[in-house]
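The structure appears right after this line, and notes come after that.
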Amino acid sequence: MISLTLGKAELDILPVVRGLSSYADRINGIYGNYDRYAVSLSPEEIEGVRHRESIVDDYEPSEMDLVFAHRLSSFGEVTVPAPAWCAIVDLCDKDSKELIPLDMPDRQYTEIYCETVSSLEWVNEHRMAKKGMKKKFDMSSPEKFSEEWDDFVNRKKGFREMINIRERYISLRLTELSEREEKILAVIDCERVRNILGMIS
């Protein structure tokens with residue numbers, strides 16, 4: 001947990017690794033102590049988690065997602081949707097609390113993606129997936145692995161630019177949320193946290 005004062009708010013950031021079941025326990029352990037809750041998902045992704053039982057059969061993970069899940073499984077059970085997301089969505093719904101999306105809407109993301117990521121970068125996924133199976137990563141913790149995997153995936157210029165835009169978007173959303181005297185919990189992908197903190201500090 002990372003705690004800081006941002007604007008008028010007390011902000012706690014909980015870094016999570018997508019997929020690992022153990023992160024749901026962390027959400028359950030701290031939920032209830034905050035005025036507002038936010039998560040590094042788009043509005044559509046929150047709805048997808050909310051209605052996951054009706055759409056899970058239609059979900060087709062990418063080759064890179066499959067490799068990531070395989071490597072991550074050395075730290076424990078990996079499931080989709082990410083247990084941390086399921087936990088925070090379900091808890092907020094149970095208490096009729098708004099869960100605030102920090103990431104951009106899917107349509108905006110798609111438009112920016114098409115502008116920043118070249119077709120050549122996009123079609124190299126199979127080659128990257130094969131490299132991802134063989135590459136040596138820091139496996140001392142799921143967080144270290146997730147951060148190194150993110151660097152590996154986003155080493156191409158277009159992907160790096162896309163990630164930078166997303167992180168800046170999330171940092172601006174956090175700043176907007178901090179205009180009132182409240183205690184806020186933000187659940188954010190661990191590999192995004194370092195750069196986001198640099199943007200809001």
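The values are calculated or read from the model by the stated rules, or taken from the named source; none is laboratory data. Computed from a predicted structure; not experimentally measured. Quick reminder, even Gly has a Cβ in these numbers, built from the backbone with ideal geometry, and neighbours come from all protein chains shown.
Numbers at a glance
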{"quantity": "Single condition Ile163 does not satisfy, out of (1) modelled with pLDDT under 90; (2) surrounded by 12 or more Cβ atoms within 10 Å (Cβ to Cβ)", "calculated": "(1)"}
{"quantity": "Some residue of the range 31-38 being over 23 Å from Leu14 (Cβ atoms), crowded, with 19+ Cβ neighbours inside 10 Å and out of contact with any Cys (no Cβ under 7 Å at 6 or more places or on another chain)", "calculated": "no"}
{"quantity": "Which numbered condition Gly158 fails, given (1) small (Gly, Ala, Ser); (2) modelled with pLDDT of 90 or more; (3) closer than 20 Å to Cys114 by Cα", "calculated": "(2)"}
{"quantity": "From Leu91, Leu99, Leu72, residue being under 16 Å from Cys190 (Cα atoms) and surrounded by 13 or more Cβ atoms within 10 Å (Cβ to Cβ)", "calculated": "Leu72"}
{"quantity": "Number of the exception - Arg168 against (1) closer than 24 Å to Tyr23 by Cβ; (2) among the charged types (D, E, K, R); (3) at pLDDT 95 or above", "calculated": "(1)"}
{"quantity": "Residues located in the range 94-112, provided they are touching a residue at least 40 places away in the same chain (Cβ under 8 Å), more than 29 Å from Ser73 (Cα to Cα) and either assigned to a helix (DSSP H, G or I) or hydroxyl-bearing (Ser, Thr, Tyr) (or both)", "calculated": "Ile112"}
{"quantity": "Total residues in the range 32-91, condition among the charged types (D, E, K, R) and over 28 Å from Phe137 (Cα atoms)", "calculated": "11"}
{"quantity": "Any hit, the range 104-119, residues being farther than 22 Å from Glu47 by Cα, surrounded by fewer than 16 Cβ atoms within 10 Å (Cβ to Cβ) and in contact with a Lys or Arg (Cβ under 6 Å, 6 or more places away or on another chain)", "calculated": "no"}
{"quantity": "The range 46-61, subset exposed (fewer than 14 other Cβ atoms within 10 Å of the Cβ) and assigned to a helix (DSSP H, G or I), residue modelled with the highest pLDDT", "calculated": "Glu53"}
{"quantity": "Sole residue being in a helix (DSSP H, G or I) and free of Cβ contacts under 8 Å to residues at least 12 places away in the same chain, chosen from Glu176, Glu191", "calculated": "Glu176"}
{"quantity": "First in the range 18-36 and over 25 Å from Thr175 (Cα atoms), second anywhere and assigned to a loop (DSSP other than H, G, I, E, B) and among the acidic types (Asp, Glu), Cβ under 9 Å, 6 or more apart", "calculated": "Gly19/Glu77; Leu20/Glu77; Ser21/Glu77; Ser22/Glu77"}
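Let's see how each residue does on (1) of a type in the set (Phe, Trp, Tyr); (2) part of a helix (DSSP H, G or I); (3) within 19 Å of the chain's Cα centre (by Cα):
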{"site": "Arg127", "(1), (2), (3)": "no, yes, no"}
{"site": "Glu143", "(1), (2), (3)": "no, yes, yes"}
{"site": "Phe159", "(1), (2), (3)": "yes, yes, yes"}
{"site": "Arg166", "(1), (2), (3)": "no, yes, yes"}
{"site": "Glu181", "(1), (2), (3)": "no, no, no"}
{"site": "Ile184", "(1), (2), (3)": "no, no, yes"}
{"site": "Gly198", "(1), (2), (3)": "no, yes, yes"}
